[in-house]
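Can you read through this structure? Questions will come right after.
The values are calculated or read from the model by the stated rules, or taken from the named source; none is laboratory data. All values reported here derive from a predicted model rather than from experimental measurement. Neighbour counts run over all protein chains shown; Cβ positions are idealised from the backbone, glycine included.
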Amino acid sequence: MSTTTLPARSLFHFAFHVTDLDEARRFYGGVLGCTEGRSTDTWVDFDFFSHQISLHLGEPFKTTRTGKVGDHLVPMPHFGLVLLLPAWRALAERLTAAGVDFVLPPQVRFEGQPGEQWTMFFCDPFGNPVEVKGFGTTDAIFAS
C-alpha cells in the first residue's frame, strides 16, 4: 500500500456555497492544489484529494465554534479528509508556506494512544471550515 494515499472505499461529493468563484479557484486550485473540473457561471467542481466538491455561488453555511478538540473549540459543522502522514505533512507545509490562518495549527492528538492522529483546521476564504487529519497507518483511523 502507498504511504501517501489511502484506498478509497467510495468517493464523497460535497456541494457548498462560496461568494466568489475566482477566489475559490485561487484557494482550492492554487493553495490546496486541487484540480479543477467542470464549471459554469455559477459553480465549479474540484478534485478534492480524489473526492468531488462543487462550489456554488451563494451564502456560505453558518458555523459556530462548538466542537471541542482537546482544549480548543473548532467550527461546527465542518468537512475534511484523512490523509496518511507523509501527505498530511506535505499539505501542512504547503498551507503554512501559503500563509493560511489556522483555526487549529498542525498538531498531534492522542499521541501514543490508539487513534493517534495529526490534525489541522482552517477556513477557506468564505469561512467554510476544513479539518485535515493525518494517520500513520490505515489501521489507526478507526482504532479505539
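Name every residue in the stretch 93-110 that is within 21 Å of Arg65 (Cα to Cα) and of a type in the set (Asp, Glu), in order of residue number.
Asp101
Of these, Asp101, Asp41, Asp139, which one is exposed (fewer than 15 other Cβ atoms within 10 Å of the Cβ) and within 14 Å of the chain's Cα centre (by Cα)?
One residue alone meets the criteria, Asp101.
Still on this structure, please answer the following. In the stretch 109-144, what count of residues is obtained for those that are of a type outside the set (Phe, Trp, Tyr), within 30 Å of Leu21 (Cα to Cα) and touching a residue at least 40 places away in the same chain (Cβ under 8 Å)?
Within the stretch 109-144, residues that are of a type outside the set (Phe, Trp, Tyr), within 30 Å of Leu21 (Cα to Cα) and touching a residue at least 40 places away in the same chain (Cβ under 8 Å) number 12.
Related question: Check off (1) part of a strand (DSSP E or B); (2) touching a Pro at 6+ places or on another chain (Cβ under 9 Å); (3) charged (D, E, K, R) for Lys133 and give me the number that stays unchecked.
The number of the failed condition is (2).
Right, another one. What number of residues in the stretch 34-61 are modelled with pLDDT under 95 and out of contact with any Leu (no Cβ under 8 Å at 6 or more places or on another chain)?
Residues in the stretch 34-61 being modelled with pLDDT under 95 and out of contact with any Leu (no Cβ under 8 Å at 6 or more places or on another chain): 1 in total.
Name the residue, out of Leu11, Leu73, that is at pLDDT below 95, loosely packed, with under 15 Cβ neighbours inside 10 Å and touching a Lys or Arg at 6+ places or on another chain (Cβ under 6 Å).
Answer to the selection: Leu73.
Right, another one. Could you list, in sequence order, all residues of the stretch 113-129 that are more than 19 Å from Leu91 (Cα to Cα) and either in a strand (DSSP E or B) or in contact with a helix residue (DSSP H, G or I) (Cβ under 9 Å, 6 or more places away or on another chain) (or both)?
Pro114, Gly115, Phe126
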